[in-house]
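The values are calculated or read from the model by the stated rules, or taken from the named source; none is laboratory data. The model shown is predicted, which means the values in this text are computed figures rather than measured ones. All Cβ positions, even for glycine, are placed from backbone atoms using ideal geometry, and neighbour counts span all protein chains on display.
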Ligand code: IDP
Ligand code: MG
């Protein structure tokens, strides 16, 4: 099963949208294999967003992601990265399609509710920033066989 890192950013927590966003991922059939509420330090934020260092929005991005509690979680499922990126919608809320999380709940450029890994290698690196291996649980929800048929070609 593919794994991906999702962060419900400070605006999602402050706007009491945690439950509704997590519910969408659960309803889709993805499995939560790790989850915690935490406040990201500047040092951790700088490591996470190192690829964006030097861009005009970088200082604001570090301020934003460290400004309050976030929920970090690892979701598992076949094609979890593509599925979650599609469900998140485009980066800016005003461009994201209705029906996506950002499209339904966001209107801004920088406050866009959640982070999701964008490729298998970034998912691996990002998961390791937030979770020890022992914090990720290996289990299969009882409906798994009804979400993913055995011969899903
Ligand atoms: P993504 O979150 O959709 O993958 P990225 O391009 O990786 O988008 O950007 C990381 C984060 O940086 C975005 O989620 C958003 O919070 C912030 N960001 C990106 N571009 C801008 C911008 O032009 N203005 C303000 N914030 C931005
Ligand atoms: Mg990104």
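What to note about this one:
- Residue 58 being in contact with a strand residue (DSSP E or B) (Cβ under 6 Å, 6 or more places away or on another chain) and either at pLDDT 95 or above or on the phi > 0 side of the Ramachandran plot (or both): no
- Within the range 92-104, the residues that satisfy the criterion of being in a helix (DSSP H, G or I) and either in contact with a helix residue (DSSP H, G or I) (Cβ under 6 Å, 6 or more places away or on another chain) or within 12 Å of ligand 1 (Cβ to nearest atom) (or both) are 101, 102.
- Residue satisfying condition, being without any contact (Cβ under 8 Å) to a residue 24 or more places away in the chain and more than 15 Å from ligand 2 (Cβ to nearest atom), within set 56, 51, 69, 10: 56
- Qualifying residue in the range 123-135 (condition: away from ligand 1 (no atom under 13 Å from the Cβ) and over 22 Å from residue 40 (Cβ atoms)): no
- Residue check, residue 107 more than 10 Å from ligand 1 (Cβ to nearest atom) and either modelled with pLDDT under 95 or not in a helix (DSSP H, G or I) (or both): yes
- Whichever residue in the range 41-59 is under 17 Å from residue 114 (Cβ atoms) and loosely packed, with under 15 Cβ neighbours inside 10 Å and, among such residues, is farthest from ligand 1 (Cβ to nearest atom): 52
- Filtered residues of the range 62-91 (kept if part of a loop (DSSP other than H, G, I, E, B) and under 15 Å from the mean Cα position of the chain (by Cα)): 69, 79, 89, 90, 91
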